[in-house]
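The values are calculated or read from the model by the stated rules, or taken from the named source; none is laboratory data. Everything quoted here is computed from the prediction, not taken from an experiment. Quick reminder, even Gly has a Cβ in these numbers, built from the backbone with ideal geometry, and neighbours come from all protein chains shown. The accessibility values were calculated without ligands, DNA or RNA, using every heavy atom of the protein model including side chains. Shrake-Rupley method; radii C 1.70, N 1.55, O 1.52, S 1.80 Å.
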Amino acid sequence: MKRILLLTTGGTIASRLTDEGLAPGLDGDALSHYLGGLPDSYDLTVRDILHLDSSNIQPEEWRLIARNVFEARNSFDGIVVSHGTDTMAYTASVLSYMVRNIPVPVVLTGAQLPIEHPLTDGLDNLRTAFAMAASGHPGVFLAFDRRVMLGCRAVKTHTTAFGAFDSVNWPLVAQVNGAGLTIREEALPPVGGPCVLRDQLCEQVFLIKLTPGLDPEIFDMLLRMHYRGVVIEAFGAGGLHFIRRNLIEKLHAAAQAGMAVVVCSQCLYESSNFALYQAGQKALAEGVIQGWDMTTEAAVTKLMWALGQTKDLEEVRALFERSLAGERSV
Ligand code: ASP
């Protein structure tokens, strides 16, 4: 029997209706109670580490989850983390960097309807997550709606549909069908190398979603507030405005001040390429780091993580030129 650890953190799956709306109220034993006989198929250990709506899961909680995962890596065949869906893609991405080369599957899951609801999707999601956790394929994954994706490629795309997550710019790692959990080997993340817990993060990272005419002085404000990194979701394949309101000269000032600027696209699918247009090339000339086909969640958390590892911007750039956990296509 595979030894599976269930770490619970809250979220809708564990929520109950209160006077103030849904709030986490069930612990892991209650969750496993609803799984009926399923826990008998696994040697299950349950640990409640948080009871939070995932809107309240922040870098401090990421570190706690990462530490629990890291410390359990040699005692279990797989780890399931139940988590709210709202920020699950951020947690899945940041864990991919913090516990890189984890030797076992770590599978995040949750639900759109509480486990106590008669129509809950939580049971299916937990079952899929347990199956992936028992699969022997290492990496950080997200299981939802009978599909498994790389944690660092997942994006929450629906507020209520059971298919709440998409695997962006990367095929699904596994699907549940008549053949059971069917793994797609070529979609699995890179493996190998020692697993070291690297949980230092820089929290001074800001995300700018560009809007036409955005005032470039936003950069002055961010520098005054001691932000060390910015991710820009730019237009299309890679464009930002430089007439009348000149963002390019602010990129120059940001680079001079030692701020790391990563540029991505606000299009969800396919890759940005800032070399394509003049507007993008001007940004590249100021030393911005390309995010290529990374999701915003993966880019923001990678920048927080990279700036937590080093103050040297060339080292940050080098980390972005590599795919650490499958977060970008190379
Ligand atoms: N607000 C909830 C959370 O993220 C939503 C969910 O779990 O589906 O914790």
inquiry  = Based on this model, can you work out whether PHE206 counts as among the aromatic types (Phe, Trp, Tyr), at pLDDT 95 or above and within 20 Å of SER323 (Cβ to Cβ)?
reply    = no
task = Please tell me if LEU52 is in contact with a helix residue (DSSP H, G or I) (Cβ under 9 Å, 6 or more places away or on another chain), under 28 Å from VAL196 (Cβ atoms) and open to solvent by less than 60 Å² (accessible area, probe 1.4 Å).
result = yes
remark   = For segment 218-234, pairs from a residue that is open to solvent by 10 Å² or more (accessible area, probe 1.4 Å) to a residue that is among the basic types (Lys, Arg), with Cβ under 9 Å and 6 or more apart or across chains, are ILE218/LYS250; ASP220/LYS250; ARG228/LYS311; GLU233/LYS209
query = Restricting the search to segment 175-194, which residues are within 19 Å of the chain's Cα centre (by Cα) and either under 26 Å from ASP312 (Cα atoms) or not in a loop (DSSP other than H, G, I, E, B) (or both)?
reply = ALA187, PRO190
query = Does any residue of segment 80-90 turn out to be surrounded by 23 or more Cβ atoms within 10 Å (Cβ to Cβ), more than 12 Å from the ligand (Cβ to nearest atom) and at pLDDT 95 or above?
reply = yes
remark   = Within segment 25-38, the residues that are over 20 Å from VAL69 (Cα atoms) and either surrounded by 20 or more Cβ atoms within 10 Å (Cβ to Cβ) or free of Cβ contacts under 8 Å to residues at least 40 places away in the same chain (or both) are GLY25, LEU26, HIS33, GLY36, GLY37
request  = Could you figure out which of (1) outside any loop (DSSP other than H, G, I, E, B); (2) within 16 Å of the ligand (Cβ to nearest atom); (3) open to solvent by less than 80 Å² (accessible area, probe 1.4 Å); (4) in contact with a helix residue (DSSP H, G or I) (Cβ under 8 Å, 6 or more places away or on another chain) isn't true of LEU22?
outcome  = (3)
ask   = With respect to the numbered conditions (1) open to solvent by 30 Å² or more (accessible area, probe 1.4 Å); (2) within 16 Å of the ligand (Cβ to nearest atom); (3) at negative phi, which one is the sole condition not fulfilled by SER93?
value = (1)
query = Got a number for residues in segment 282-297 being of a type outside the set (S, T, N, Q) and outside any loop (DSSP other than H, G, I, E, B)?
reply = 6
key: Whichever residue in segment 38-75 is assigned to a helix (DSSP H, G or I) and touching a strand residue (DSSP E or B) at 6+ places or on another chain (Cβ under 8 Å) and, among such residues, is farthest from the ligand (Cβ to nearest atom)   = ALA72
task = Could you tell me which of the residues LEU113, LEU214, LEU172, LEU197 is among the aliphatic types (A, V, I, L, M), under 21 Å from ALA66 (Cβ atoms) and either modelled with pLDDT under 95 or part of a loop (DSSP other than H, G, I, E, B) (or both)?
result = LEU197
ask   = Considering GLY122, GLY136, GLY78, GLY84, which residue is within 25 Å of THR296 (Cα to Cα) and touching a strand residue (DSSP E or B) at 6+ places or on another chain (Cβ under 9 Å)?
value = GLY84
query = Looking at this structure, is VAL230 among the β-branched types (Val, Ile, Thr) and either at pLDDT below 95 or touching a Gly at 6+ places or on another chain (Cβ under 7 Å) (or both)?
reply = no
Selection count where residues are of a type outside the set (A, V, I, L, M) and either within 14 Å of ALA30 (Cα to Cα) or touching a Gly at 6+ places or on another chain (Cβ under 8 Å) (or both), scope segment 41-68 = 7
request  = For segment 116-166, enumerate the residues that are in a strand (DSSP E or B), in contact (Cβ under 8 Å) with a residue 60 or more places away in the chain, within 13 Å of the ligand (Cβ to nearest atom) and open to solvent by less than 10 Å² (accessible area, probe 1.4 Å).
outcome  = PHE165
task = Looking only at segment 293-309, decide whether some residue is under 17 Å from the mean Cα position of the chain (by Cα) and more than 22 Å from ASP199 (Cβ to Cβ).
result = yes
ask   = Within segment 259-281, which residues are assigned to a helix (DSSP H, G or I) and open to solvent by less than 70 Å² (accessible area, probe 1.4 Å)?
value = ALA279, GLY280
